[in-house]
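Participant: Just dropping this structure here.
The values are calculated or read from the model by the stated rules, or taken from the named source; none is laboratory data. Everything numeric in this text was worked out from a predicted model, so none of it was measured. In this analysis, Cβ positions are derived from the backbone assuming ideal geometry, glycine residues included, and neighbour counts consider all displayed protein chains.
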């Protein structure tokens, strides 16, 4: 912990006031509902007798509480920023709206300040995030409709603008994804943001956060491997992926049984298998992982293999940290890596007990 928590009575007063100073620093578990919340949660406040307070997400999950669906305590700490919180709420309320800098000014914000804040927390600007959210709607519409319908659902007036934005996200324009393909790509929502999943009828080939900069490159490489036989949609196995991710994020289980297809060299696949052996709640340095694999001289090669992992969470590259114990870079964003490690402390505590 970065600081000592005050008394429970003080925290209860902070809960009543929705004091932003404690957002992300302390959480409340409510015995009558079985959920845990941020102290800034907009929900009706519980009685003092029904509240217990915890220093982190893992402690809440370990105590048997589920994350609140109103204040989303698993979301990034950036939500403590009032401007980010306001804009994220506006984006959730109307994900198809076409945002511009003039909209930010009308809401009383300086566009350059908002740009810096979102880049610092999320690695992208708010306008980029809004554009991506619109693309997500179009992506979903493509599963059952035509490109023009997806374009309109995504709020793009120009077909060329939609094709360009879609290609920037997925590495190819929407009309290049054939129907009846062997592999299919679909959006999946998680508490830490949207992800892209690519499956065939029986296995998962790719799972990445939609804002990962390397995603278009990864999809291009995958398309090349399967001779462009990737479409838009979902097979029945996608339901298993949704269920297992839901259990993971709710603190129920860190076990993933969905079959994987690992596209990499023999050594790269060996590294990925070693990553899967790191228990949830534990971490390793690159050098320690190389030693566990019996190749202590291959630290750099292990790091490269870790960096090209294209099945996030299930192949847990987020469990690799620097030798000095500090978090290193993560393709999905350092803030996500920190959240995942914090979430997984719950699993380590439960295993110990």
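Participant: Inspect the stretch 142-154 for any residue being modelled with pLDDT under 70, in contact with a strand residue (DSSP E or B) (Cβ under 6 Å, 6 or more places away or on another chain), over 23 Å from residue 333 (Cβ atoms) and buried (at least 17 other Cβ atoms within 10 Å of the Cβ) and give the result as yes or no.
Facilitator: Step one: of the stretch 142-154, the residues modelled with pLDDT under 70 are 142-154.
Still in the list and also in contact with a strand residue (DSSP E or B) (Cβ under 6 Å, 6 or more places away or on another chain): 142-143.
Okay, now just the ones that are also over 23 Å from residue 333 (Cβ atoms), so 142-143.
Then keep just the ones that are buried (at least 17 other Cβ atoms within 10 Å of the Cβ); that gives 142.
Yes: one or more hits.
Participant: If you don't mind, there's one more thing I want to ask. Would you mind telling me which numbered condition in (1) surrounded by 15 or more Cβ atoms within 10 Å (Cβ to Cβ); (2) out of contact with any helix residue (DSSP H, G or I) (no Cβ under 7 Å at 6 or more places or on another chain); (3) modelled with pLDDT under 95 residue 23 fails?
Facilitator: All conditions pass for residue 23, except number (2).
Participant: Now for a different question. Which residue is nearest to residue 337 (Cα to Cα), if the candidates are limited to the stretch 249-261 and must be at pLDDT 95 or above and surrounded by 14 or more Cβ atoms within 10 Å (Cβ to Cβ)?
Facilitator: Here the residue is 256.
Participant: Just to be sure, is residue 32 outside any helix (DSSP H, G or I), touching a helix residue (DSSP H, G or I) at 6+ places or on another chain (Cβ under 8 Å), closer than 13 Å to residue 64 by Cα and not assigned by TED's automatic domain parsing to the domain that holds residue 81?
Facilitator: Taking the combined requirement at face value, the residue satisfies it.
Participant: Filter the stretch 291-349 down to residues that are at positive phi and crowded, with 17+ Cβ neighbours inside 10 Å and give me whichever is modelled with the lowest pLDDT. Steps first, answer last, please.
Facilitator: As a first pass, look at the stretch 291-349 and keep what is at positive phi: 294, 313, 325, 333.
Keeping just the survivors that are crowded, with 17+ Cβ neighbours inside 10 Å gives 313, 333.
Values: 313: 97, 333: 80.
Of everything passing the filter in the stretch 291-349, 333 is modelled with the lowest pLDDT.
Participant: Considering the stretch 238-258 alone, what residues qualify as being touching a strand residue (DSSP E or B) at 6+ places or on another chain (Cβ under 7 Å) and either free of Cβ contacts under 8 Å to residues at least 12 places away in the same chain or farther than 24 Å from residue 69 by Cα (or both)?
Facilitator: Within the stretch 238-258, 258 is the sole residue that qualifies.
Participant: Could you give me the residue pairs with C-beta distances under 8 Å whose first residue belongs to the stretch 216-234 and is at positive phi and in contact (Cβ under 8 Å) with a residue 24 or more places away in the chain, whose second residue is part of a helix (DSSP H, G or I) and surrounded by fewer than 17 Cβ atoms within 10 Å (Cβ to Cβ) wherever it lies, and which are 6+ apart or on separate chains?
Facilitator: These pairs meet every condition: 228/176.
Participant: While we're looking at this one, here's another question. The conditions are (1) farther than 28 Å from residue 217 by Cα; (2) touching a helix residue (DSSP H, G or I) at 6+ places or on another chain (Cβ under 7 Å), and residue 301 fails exactly one of them. Which is it?
Facilitator: Result: residue 301 fails condition (1) only.
Participant: Can you name the helices (runs of 4 or more DSSP H) wholly within the stretch 251-341 that have at least 2 residues being within 26 Å of residue 191 (Cβ to Cβ)? Write out each step before concluding.
Facilitator: Details: elements: 266-276, 286-292, 299-307.
Because the criterion is at least 2 residues that are within 26 Å of residue 191 (Cβ to Cβ), the helices (runs of 4 or more DSSP H) in the stretch 251-341 that meet it are 266-276, 299-307.
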